[in-house]
Amino acid sequence: MRKIIYLMFVSLIIGSCKQNKEEVDSNYVISQFEKNSKEIEKVEYQVQRIDTFPSGDVWNKKGFAMVEKNENDENFGYHFYGKRNDFEKGLLYENGKGVEIDTTEKNYELISVVAVPGSPGGQMVVENIFHLDSIYKNVELIEKKNSYLLKYTLEPATVYDTTASERIVELRKPDFFPIKITYRAKKMGRKHVIQQILSDIKTNSSVNNSLSDYKDLVSSYDLISPTDTTNSLY
């Protein structure tokens, strides 16, 4: 009798494990990412960005970013400060305005919103912190020991002659936070790759700084183009 009960118990455990395994699909992982993302108001991280251009050139830069969620921001959905280690100026973005801050010269310069993502500081900001891709052909889930990989096949961007594009987002267990994003595509038939690798990640109360700290610097620094008063930040 004991043997029968034991076998029934083992069978239930195995069946439960199989059921849980089957439930871990891309929809589950995406929903868990969204659930955890809602709990994050600000995040700070170190990042390494590696670009392989269609020309064959490789660009490898490191830096950090601090990002504060702001759903009212029409451009990105967040405000941020980013700085590349090899560039003397950091970038503050808030309320549709970008400001490059030079702490050595104690001055700042306004830049247009369209230039923000490509600026040295903007390059350190990872797009998929709070949101994943919503427009794609299909998504595949790959489970690893300590993370999940969401592999998105994206629609080709004919205006840029971009084909065979995909984005792979690696989410760490157990909080589903992105730790590596890889974008791959072919532009004019040549390989183009962007990798963003995150480390030393801090969220919410673990973040020591705030955007207010960088705004205080701007208020005490000189504007490089003081005649342009129409675009003053504060």
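Could you check how much of the accessible area of the chain is carbon and sulfur, as a whole percent, using a 1.4 Å probe? Each step should come with its number before you reach the end.
Values: 6790 of 13740 Å².
Whole-percent figure for carbon plus sulfur exposure: 49.
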Give, as a single signed number, the net charge of other residues whose beta carbon lies under 14 Å from the beta carbon of Tyr183, with Lys and Arg counted +1 and Asp and Glu -1. +2
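Using only the Cα atoms, work out Rg/Rh for segment 20-104, with Rh taken as the Kirkwood radius, to two decimals.
Working: Rg = 17.2 Å, Rh = 15.7 Å.
Rg/Rh: 1.10.
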Would you mind checking the tilt of helix 2-23 against the longest principal axis of the Cα atoms of the chain, expressed as 0 to 90 degrees and rounded to 10? 30 degrees
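What does the net charge come to around Val99 if you take all other residues with beta carbon closer than 12 Å to its beta carbon, with K and R at +1 and D and E at -1?
Values: positive: Lys89, Lys97, Lys215; negative: Glu94, Glu100, Asp102, Glu109.
That sum, taken over residues with Cβ under 12 Å, equals -1.
Express the accessible area of segment 108-159 per residue in Å², computed with a 1.4 Å probe while the remaining protein chains stay in the model. If you can, show how the numbers build up before the last one.
Numbers: 2780 Å² over 52 residues.
Per-residue value: 53 Å².
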Quick check on packing: order 51-59, 119-127, 179-187, 215-223 by the mean number of other C-beta atoms within 10 Å, highest mean leading. 119-127, 179-187, 215-223, 51-59
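Over segment 30-107, with the other protein chains present, what is the accessible area per residue in square angstrom, probe 1.4 angstrom?
Working: 3860 Å² over 78 residues.
It amounts to 50 Å² per residue over segment 30-107.
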So how much accessible area does Asp25 have, in Å² to the nearest 10, using a 1.4 Å probe? 60 Å²
For Rg and Dmax of the Cα atoms in Å, with candidates (1) 17.6, 57; (2) 16.7, 50; (3) 22.0, 91, the value calculated from the shown model is option (3)
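Tally Lys and Arg at +1 and Asp and Glu at -1 over the other residues with C-beta under 14 Å from the C-beta of Ser165: what net charge comes out? The partial results should precede the final answer.
Numbers: positive: Lys137, Lys151, Arg167, Arg184, Lys186, Lys187, Arg190, Lys191; negative: Asp133, Glu155, Asp161, Glu166.
My count for the surroundings of Ser165 gives +4.
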Report, in degrees rounded to the nearest 10, the 0 to 90 angle that the Cα long axis of helix 211-220 makes with the longest principal axis of the chain. 10 degrees
Going from most exposed to least, what order do Lys35, Lys42 have by accessible area with a 1.4 Å probe? Lys35, Lys42
One finds the C-alpha centres of segment 93-153 and segment 185-215 to be spaced, in Å, by 6 Å
Once the in-chain neighbours fewer than 8 apart are removed, the lysines whose Cα is under 21 Å from Lys151 read Lys21, Lys35, Lys137, Lys173, Lys180, Lys186, Lys187, Lys191
Applied in sequence order to segment 95-109, the curve 6.51 cos²θ - 1.76 cosθ + 1.60 (Karplus, θ = phi - 60°) yields integer Hz couplings, x standing for Gly and Pro, of 6, x, 10, x, 9, 8, 10, 10, 6, 7, 7, 6, 9, 8, 9
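The values are calculated or read from the model by the stated rules, or taken from the named source; none is laboratory data. Model, not experiment: these values are computed from the prediction. Positions of Cβ are generated from backbone atoms using ideal geometry, with glycine treated the same way; all protein chains shown enter the neighbour counts. Note: accessible area is taken over every heavy atom of the protein model, side chains too, but ligands, DNA and RNA are not part of it. Shrake-Rupley method; radii C 1.70, N 1.55, O 1.52, S 1.80 Å.
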